[in-house]
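Structure, as structure tokens:
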Amino acid sequence: MLKLTRRMKMRPDTGLAPKPEPFAARKRFYKNVKIITNESNVLKTRTYSLAMDNRNLRSASGTMMEIPSYPLALAAAAEWDQQHPYINKASMPLFSIMNLCHDYDPTMKNKEGIIEEIIRYLRTDTLLYREFQNQDLADIQNEKWGPATKQLMDMLDIELGTTNTFSPPVVSQSAQDQVQLYLETFNMWDLIALERIVMTLKSSVLALLCAAREITAEEAVDLSLVELDFQTSRWGEVEWHHGVERQDLYAKTAAATMIVHHASESQESFELSPLERLKAVANEMEINAPFVQKFA
């Protein structure tokens, strides 16, 4: 068997292989970013795409990126327009999540699976665990996490238990069912973005409050970092690290929240309360009377 090897020119000073070339960032290759409206009279749909100097922007899979609403198209265009002189994908959290939404594989990812994952996080949600060894931290958690948890319970008319032991909190099956019904009113773009918030903040409670506009993305991040803030107030921050980490979480959470709010042309998703939204969807689908009466 022949063994293929690549002959490498050694550095004359050390006789070692040459150092790898540093990654070269891609220079901005376009002058203008334009939003294009795509309408189908047959399918009764309207989507938006971006054009860089009349060349359609493609997603990571190589297909033309179709954005479901104008606000999202406007925000994505702003992300691309601010790239200068190099394209820094780390500074485009919105377009990154939009790629996930646009290119998802329905054989690998579906509504049922995402909803199940969000509810799984709810059963062991960070906000439902309270400190039992440090009373100062427990007091701060009760002060900050208590009102947020109550907001979600009032919003969806559910009960969520908390725990200050190693035992998991009590999240009843009826509460899980109610959350599932609410999540089923979202489309796939909404759910994929909502799942990103859950994974980023390690909390379904905060993600659901963001989705319902009960709290802002910034407030959600601050609540997710309560324990970290308590520790840094005592032991100090790692220079640059903690501040950069917080800003990164702000950007990612805000981007995902924007998709949840604007992935549909309809304004119903944020004009109606969660319970009103459930009733509206039930009426549209002509679901039987017992289901509708449950939310009357």
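The values are calculated or read from the model by the stated rules, or taken from the named source; none is laboratory data. Computed from a prediction, not measured in an experiment: that's the story for all the values here. Note that each Cβ is placed from the backbone with ideal geometry, even for glycine, and that neighbours are counted across all protein chains shown.
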Is it the case that region 86-108 has a residue that's touching a strand residue (DSSP E or B) at 6+ places or on another chain (Cβ under 7 Å) and more than 24 Å from residue 220 (Cα to Cα)? yes
Could you pull out the residue among 196, 234, 213 that is over 17 Å from residue 148 (Cα atoms), modelled with pLDDT under 95 and basic (Lys, Arg)? 234
Please pick out the residue among 255, 217, 212 that is in contact with a Pro (Cβ under 9 Å, 6 or more places away or on another chain), outside the structural domain of residue 69 (by TED's automatic domain parsing) and more than 21 Å from residue 115 (Cβ to Cβ). 255
Taking the options 228, 201, name whichever one is in contact with a helix residue (DSSP H, G or I) (Cβ under 9 Å, 6 or more places away or on another chain) and either surrounded by 15 or more Cβ atoms within 10 Å (Cβ to Cβ) or at positive phi (or both). 201
Hey, can you tell me all the residues within region 71-126 that are under 30 Å from residue 146 (Cβ atoms) and aromatic (Phe, Trp, Tyr)? 121
Residues of region 196-213 that turn out to be within 21 Å of residue 99 (Cβ to Cβ) and either in contact with a Leu (Cβ under 9 Å, 6 or more places away or on another chain) or hydroxyl-bearing (Ser, Thr, Tyr) (or both), as a count: 8
Residue pairs qualifying under the 7 Å Cβ cut-off, at least six apart or on distinct chains, with the first in region 73-87 being closer than 17 Å to residue 58 by Cβ and the second being among the β-branched types (Val, Ile, Thr) and surrounded by 15 or more Cβ atoms within 10 Å (Cβ to Cβ), are 73/67; 76/67; 77/33; 80/33
Scan of region 40-77 for residues that are in a helix (DSSP H, G or I) and within 13 Å of residue 98 (Cβ to Cβ), ordered by number: 71, 72, 73, 74, 75, 76, 77
Looking at region 131-153, which of the residues that are among the polar types (S, T, N, Q) and in a helix (DSSP H, G or I) is surrounded by the fewest Cβ atoms within 10 Å (Cβ to Cβ)? 135
Tally up the residues in region 156-176 that are over 14 Å from residue 120 (Cβ atoms) and either aromatic (Phe, Trp, Tyr) or outside any loop (DSSP other than H, G, I, E, B) (or both), please. 5
